[in-house]
Amino acid sequence: MNGLILACVLSTITALAAPIQHHQSGGIEHIVIIDSNHPSPPQVIEVLQRLALHSNHSDVHHIYNNSAFQGFAASMRSHCLDLLANMSDVSLVEKTTSVSRERTETRQTSLTYQTRPNAPWGLQRISSTASISGNAKTMDYTYSYANPSLGLGTDIYILDTGLFTTHSVFGSRAKTLWSFDGNTTDLDGHGTHVAGTAAGAVLGVASNANILGIKALSTDGGGWSSNVIAGIDQVIQTHDARKFDPSTPFTGSVLSMSLASSSPVTAINAAITAAVAAGIHVVVAAGNAATDACSSSPASSGGTAGPAIAVGSISPTGSRSTFSNYGPCVDLYAPGEDVISAWPGAGGMLVRVLSGTSMATPHVTGIVAYGMSNATLAGDPGMMKEWVLSVGSRGGGDGQGGEMIMAGNGVLAGAGGEGILGFEKGEGGVGFRMVGG
């Protein structure tokens, strides 16, 4: 028998009788996704057995097993990769890629609406068409909204560095669902800051939503694509379980991802597409490299390229932030400079000012959670994306020849910006129109 099948046995008609050899440990971690469209897609355990592996083997780091995709991440040498390349029921084999949180810098005209004073500037900007004047680092602004539910019954998943769940702005609504290393503490602070803007009391857009931490990035804000996909796997499993749990109100799920890779990662984009197909709304950061957002993941899963909502950053004056990525993979822009939000420590009372598309993204995450009080939008991520774009305001160019849409909650979005109540899809599936009173 030639040396190719020394450690791994390919399960074909002719190889089934061959004995399973001992797996040769080590190698580089790869992500493997099973082809769900294959006439007879195998179970994860079957593919592992072909490679003389099992779910508890030290080289197997993650098992992905949800309603949207199945697969695993494992350290493997070339002979195993050669065998996988010849398996027609495996759709993807990709080397694990490093990812990191985005770099940060310390620095209605129709429906009756309600207001909340003492808010950060970003909340005023998403509920108004006007640019902001004054000191962005103060809480001197007013948040306007049409629906006081503010995300009630919606689960917001923050896939990031963790979550400081005892911060005062979260009340009893926050918990850590999963951590890649078993340590649920947010030792970086980035995830807590993002969560505060998405759903914190006083600081956040959807301040009645549930907040679920998915810790896929480490203390320094870095991590690996396999951990990100494992986090998405946990989100899909939890979302599926929540749909059939009558014990608490549930309107739907939003996944917020303020992170980036140095190049597009097929496995991450495929997992996001699968999550959206499972009914989960996904909002991602455009990135802070001042370049085409299509050049990294998860940003390349947004805009015209995919089903996620990708978010760039604007300044208080409404111009594109100099650091923000741009291009056809960006759907719209939201406040991302000098954003005040929650920070770990000091008995849950700390706040910090940060800048980045990481800070812009949770504004739109919150808008999506806010919009889910409309059951039609909640049940259709594609329609939600259309609605988010339709209620945004047009704000000129992005400096690279593209149009900028400024994120808004629809309350003061000008003509046609009647908030979320009563919207339904327009004739021919194009746009939206108001129905009822």
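The values are calculated or read from the model by the stated rules, or taken from the named source; none is laboratory data. As the structure is a prediction and not an experimental result, all values here were calculated from the model. Heads up, the Cβs are rebuilt from the backbone with ideal geometry, glycines too, and the neighbour counts pull from every protein chain shown. In case anyone asks, the SASA skips ligands and DNA or RNA and just uses the protein heavy atoms, side chains included. Shrake-Rupley method; radii C 1.70, N 1.55, O 1.52, S 1.80 Å.
Structure above, values below:
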{"quantity": "The lone exception for residue 379 - which of (1) surrounded by fewer than 24 Cβ atoms within 10 Å (Cβ to Cβ); (2) over 15 Å from residue 153 (Cα atoms); (3) touching a strand residue (DSSP E or B) at 6+ places or on another chain (Cβ under 9 Å) it fails", "calculated": "(2)"}
{"quantity": "Residue in segment 12-34 that is modelled with pLDDT of 90 or more, among the charged types (D, E, K, R), out of contact with any strand residue (DSSP E or B) (no Cβ under 6 Å at 6 or more places or on another chain) and open to solvent by 30 Å² or more (accessible area, probe 1.4 Å) present", "calculated": "no"}
{"quantity": "Residue list for segment 119-156, filter: among the polar types (S, T, N, Q) and touching a Phe, Trp or Tyr at 6+ places or on another chain (Cβ under 9 Å)", "calculated": "124, 127, 135, 138, 144, 147, 149, 154"}
{"quantity": "Filter result for residue 319 (open to solvent by 10 Å² or more (accessible area, probe 1.4 Å) and closer than 27 Å to residue 121 by Cα)", "calculated": "yes"}
{"quantity": "Boolean, residue 297 is open to solvent by less than 10 Å² (accessible area, probe 1.4 Å) and closer than 17 Å to residue 369 by Cβ", "calculated": "no"}
{"quantity": "Residue within segment 215-223 that is assigned to a helix (DSSP H, G or I), open to solvent by 10 Å² or more (accessible area, probe 1.4 Å) and out of contact with any Asp or Glu (no Cβ under 7 Å at 6 or more places or on another chain) present", "calculated": "no"}
{"quantity": "Of the criteria (1) modelled with pLDDT under 95; (2) closer than 14 Å to residue 331 by Cα; (3) surrounded by fewer than 20 Cβ atoms within 10 Å (Cβ to Cβ), which one residue 386 fails", "calculated": "(1)"}
{"quantity": "Positions within segment 48-81 being touching an Asp or Glu at 6+ places or on another chain (Cβ under 8 Å), open to solvent by less than 70 Å² (accessible area, probe 1.4 Å) and farther than 27 Å from residue 281 by Cβ, in sequence order", "calculated": "53, 74, 75, 76"}
{"quantity": "Filtered residues of segment 115-138 (kept if in contact with a strand residue (DSSP E or B) (Cβ under 6 Å, 6 or more places away or on another chain), under 15 Å from residue 411 (Cα atoms), open to solvent by less than 40 Å² (accessible area, probe 1.4 Å) and part of a loop (DSSP other than H, G, I, E, B))", "calculated": "127"}
{"quantity": "Odd one out for residue 128 among (1) touching a helix residue (DSSP H, G or I) at 6+ places or on another chain (Cβ under 8 Å); (2) at pLDDT 85 or above", "calculated": "(1)"}
{"quantity": "Unmet requirement for residue 268, which otherwise passes all of (1) in contact with a helix residue (DSSP H, G or I) (Cβ under 9 Å, 6 or more places away or on another chain); (2) surrounded by fewer than 24 Cβ atoms within 10 Å (Cβ to Cβ); (3) farther than 30 Å from residue 152 by Cβ", "calculated": "(2)"}
